[in-house]
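**Student:** Quick one: the structure is below, questions incoming.
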Amino acid sequence: MSTLETEFNYSSLSVKDLLEAREAFHVHLMRKQNVIATAIGRTRHRIDYDDTPEAKRDLQTRSREKTLLDTEVRDTSLPCVLVFVKKWEVRERMDPTDFVPPRIYMPDGRVVPVCVLKAERLDRSDPKVEFSQLRFPQNLISGGFPLIVTGQGMERVASIACVVSDGSKYFALTNRHAVGDPGTPVYTMVRRVRMRIGISARKQLGQVKFTEVYPCWPGAERFVELDAGLIEIDDAEIWKTEVFGIGPFDHLADLSPDNMSLDLINVDDNALVRGYGCVSGLLKGEIAALFYRYKTLGGVEYVSDFLIGPRRGGQLGLHHGDSGMLWLLERRTGDVSELRPIALHWGEHDFMDSTGTGKHEYGLATSLTNVCRLLELDVIRGWNLDQPYTWGKTGHFKVAAQACSMVKNKNLRTLLEANLENIGYTDAQLNAQSGIVKAGSGKFTPLADVPDLVWKYPGYRGYHNEHRRPDEGPNHYVNADKKGKGAYANKTLAKIWAGSGRTDIKEWRNFYTSHKAAKRDRGALPFRVWQLYNEMVRSLTDKDVIRFICAGGTASHYVADAAMPLHLTQYSDGKDKSQKGVHAALDELVVDANRTDLLAAVAAGTQKPFALKPIKGGRAAASAVIDLMLDTCKAVPPQVVFSAYDKYGAAKDWGGMWQALREPIVARVVKASQVMATLWESAWIEGKGDTNIPPNKRKDVGQTGLQKLYESEDFTPSYSIDDPSLDSVLT
């Protein structure tokens, strides 16, 4: 054995190393008669043999076949390329040209182990599903229950994974092959009565090029099977967000080339999975391999993100009809146990046992992260959980109300104070929590939270989302610390703001494109303020006071967002799993819960002299908001919030966390109120408000006209940053 082999640290091999090794040697492997598939994972050891040198040298030991079923991953297992063969042969008895070498040697010196396994597939399966054996919902529907689709004279049954949302509508997630073409009705049975639950949505995923899903990894001639389909739900009120047979679950196991590792391969029960199929019931397994190549057609290969097998000594027990179910990753840290959605089940391979008479089922599954990213979805864990990018009602309403009293122009202040309760709430109302509107109620919503409670809220007024705005979400934040790639390598938006590109929308688009940011990750907060500022000026020019109040009142929401630290970072809900929940905790348990102290402190802080310097034009308004965001990033870096959460969150000492963050948060609310007052005053001057809005119109404009206006899709439409229509409103 060479010095290189003895000294090489196999444990340092990454997923990328293994994929590069498989790619480099794959053509040679697939030319060998016996090889039928490959994957990456960890070397597998025979369950009833030890790893001593004597055992490894013993011909009888080596001649006994190794399969997935009679092997296990141990803490001594090495990262490797897994090679699956039709029949088991040892080197001394086979054609040398068909021998699979124990290692792959890369040109740069890397050495990658190879683990050979016999994997004889059973191609026969029973597609029948006994309806009498299925468990249907009695009232509320959820993941784990059956769905029924009729086509070509047959009824197909599959499992529901979970509820997801694109920010505009709610969907049930399952497989594309289960729901059929867009518009196909989908049913289940409720109390033995066949009931339509929705229709197959246009958003679907089939086979996608490997390099499109994983652009940093090799695999040009491979496709990943994603097989994701959506059911557009008819009535969200009859759905639960948990999974039947499992219950509530935790945050998505967010996987990417940056953090996807071989830790997903189970060792010592540290990476188990479970799911609930509508036919098989509760299923317990483990991830056996990654990127399993399950098919070759016309020289093109198809892979599955995960190959999921039974836990040691057990059976997985998959059946037809389990397709579409959700796999959840089980992780335990000390006394804390988590169930995190990780994969969407779409297929099954049955492998023969060593006797050739029995079989074991293995599941093929898609990374749920890829499904959510490519279809721009969020997994819904609860109807009141994970509403992204909000800053509790206290912050939004306080900024909006405080700004009204900070403007210098007496005529404008008269108008705004007359409309104070149309724009926000008074401190007394916020302290008493009396009459505070609830999300989606359909009642008049003060303008400061219309963007969250109306434009972003699913099912507003129960009108099946007709008032919802699918492109609204990214207008509430900007990931200032996310780095670009290519020409933008090592640059962040915060650095771009400091240069000439701070309000250049083309520069922002190019930056997002450089790192292939998903549509929902292309934050556009300053451009939304630009658009609304233009509307404020235009409304005054047109002498439309209702539109002026509506545009300015809703603009205050985004200005408040620009002062919220966790709206300006890619780590909006923590940098690691231990910090999950920090966003909601800061909003509700820290800020909202200490509203009396916050409101008093902000009121005192705004009494200090404030030099209001008017600006001109929407671009300047956007620039003012960017200055606010930069100031927020410097004054309260996300790590400051995370550190406070790490220190106080475990003990649920929210009072301690408030005291740790009180001073910077108060300062942020004061600063945002000053910026909003500047925008009100600047627009009033630019739109000649003193002339165009006479004294008899400087009064309460009423809620009826405001509500009709903000419920209109034509009022300041919400655009994504890449929509050319946005350019036309930024003039």
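The values are calculated or read from the model by the stated rules, or taken from the named source; none is laboratory data. Bear in mind the structure is a predicted one, so any value in this text is a computation, not a measurement. Please note: Cβ atoms are built from the backbone with ideal geometry, for glycine as well, and neighbour counts cover all protein chains shown.
**Student:** Just for region 1-28: of the residues that are crowded, with 19+ Cβ neighbours inside 10 Å and farther than 19 Å from D258 by Cα, which one is modelled with the lowest pLDDT?
**Tutor:** Applying the filter and picking the extreme gives H26.
**Student:** Still on this structure: Which of the residues belonging to region 434-456 are at pLDDT below 85 and surrounded by fewer than 22 Cβ atoms within 10 Å (Cβ to Cβ)?
**Tutor:** Correct list: S434, G435, I436, V437, K438, A439, G440, S441, G442, K443.
**Student:** Give T38, T97, T76 a once-over and let me know the one that is closer than 25 Å to L122 by Cα and either modelled with pLDDT of 75 or more or assigned to a helix (DSSP H, G or I) (or both).
**Tutor:** The conditions single out T38.
**Student:** Tell me the residue from K634, K688 that is out of contact with any Cys (no Cβ under 7 Å at 6 or more places or on another chain) and on the phi > 0 side of the Ramachandran plot, please.
**Tutor:** Sole residue among the options that is out of contact with any Cys (no Cβ under 7 Å at 6 or more places or on another chain) and on the phi > 0 side of the Ramachandran plot: K688.
**Student:** Just to be sure before I move on: is A683 modelled with pLDDT under 95, among the aliphatic types (A, V, I, L, M) and either in the same structural domain as R469 (by TED's automatic domain parsing) or buried (at least 18 other Cβ atoms within 10 Å of the Cβ) (or both) in the structure I sent?
**Tutor:** Judged against the criteria, A683 is not a match.
**Student:** What's the number of the only condition in (1) touching a residue at least 12 places away in the same chain (Cβ under 8 Å); (2) closer than 29 Å to V129 by Cβ that L297 fails to meet?
**Tutor:** (1)
**Student:** So for region 718-726 (the condition being of a type outside the set (G, A, S) and touching a His at 6+ places or on another chain (Cβ under 9 Å)), does at least one residue qualify?
**Tutor:** no
**Student:** If you don't mind, there's one more thing I want to ask. Looking at (1) surrounded by fewer than 16 Cβ atoms within 10 Å (Cβ to Cβ); (2) not in a helix (DSSP H, G or I), which is the one condition that is false for K647?
**Tutor:** Single failed check for K647: (2).
**Student:** Which ones in region 185-215 are surrounded by fewer than 17 Cβ atoms within 10 Å (Cβ to Cβ), at negative phi and part of a loop (DSSP other than H, G, I, E, B)?
**Tutor:** The one that is surrounded by fewer than 17 Cβ atoms within 10 Å (Cβ to Cβ), at negative phi and part of a loop (DSSP other than H, G, I, E, B): P215.
**Student:** Still on this model: Checking A288 against (1) more than 23 Å from H177 (Cα to Cα); (2) not in a strand (DSSP E or B), only one condition comes out false. Which one?
**Tutor:** It fails just one condition, (2).
**Student:** Same structure again: Does region 616-626 contain at least one residue that is closer than 25 Å to G574 by Cα and in the same structural domain as M564 (by TED's automatic domain parsing)?
**Tutor:** The answer is yes, given that some residue of region 616-626 is closer than 25 Å to G574 by Cα and in the same structural domain as M564 (by TED's automatic domain parsing).
**Student:** Would you check which residues across region 259-274 are at pLDDT 85 or above, surrounded by fewer than 18 Cβ atoms within 10 Å (Cβ to Cβ) and farther than 20 Å from G581 by Cβ and list them?
**Tutor:** Listed by number, the residues that qualify are S261, D263, L272.
**Student:** Something else: Looking at region 181-221, which of the residues that are more than 23 Å from the chain's Cα centre (by Cα) and among the charged types (D, E, K, R) is modelled with the highest pLDDT?
**Tutor:** Out of the qualifying residues, it is R196.
**Student:** Identify the single condition in (1) modelled with pLDDT under 95; (2) in a loop (DSSP other than H, G, I, E, B); (3) under 30 Å from Q579 (Cβ atoms) that G655 does not satisfy, given that it satisfies every other one.
**Tutor:** Result: G655 fails condition (2) only.
**Student:** Hey, any hits in region 551-571 for a residue that's in the same structural domain as N419 (by TED's automatic domain parsing), surrounded by fewer than 24 Cβ atoms within 10 Å (Cβ to Cβ) and hydroxyl-bearing (S, T, Y)?
**Tutor:** Scanning region 551-571 turns up at least one residue that is in the same structural domain as N419 (by TED's automatic domain parsing), surrounded by fewer than 24 Cβ atoms within 10 Å (Cβ to Cβ) and hydroxyl-bearing (S, T, Y).
**Student:** Regarding G229, is this residue in contact with a strand residue (DSSP E or B) (Cβ under 8 Å, 6 or more places away or on another chain) and either among the small types (G, A, S) or modelled with pLDDT of 95 or more (or both)?
**Tutor:** yes
**Student:** Further question: Could you go through region 724-731 and let me know if any residue there is touching a residue at least 60 places away in the same chain (Cβ under 8 Å) and more than 31 Å from the chain's Cα centre (by Cα).
**Tutor:** Yes, some residue in region 724-731 is touching a residue at least 60 places away in the same chain (Cβ under 8 Å) and more than 31 Å from the chain's Cα centre (by Cα).
**Student:** Which count do you get for residues in region 103-117 that are modelled with pLDDT of 90 or more, over 37 Å from the mean Cα position of the chain (by Cα) and either within 22 Å of L262 (Cα to Cα) or surrounded by 20 or more Cβ atoms within 10 Å (Cβ to Cβ) (or both)?
**Tutor:** The qualifying residues number 2.
**Student:** Select from region 677-731 the residues that are assigned to a helix (DSSP H, G or I) and of a type in the set (F, W, Y) and write down the one among them that is farthest from K410 (Cα to Cα).
**Tutor:** Only one residue tops the list, namely Y710.
**Student:** May I pose another question? What number of residues within region 464-487 are modelled with pLDDT under 85 and among the basic types (K, R)?
**Tutor:** 2
**Student:** Tally up the residues in region 418-455 that are touching a residue at least 60 places away in the same chain (Cβ under 8 Å), within 18 Å of I546 (Cα to Cα) and of a type in the set (D, E), please.
**Tutor:** So the answer is 1.
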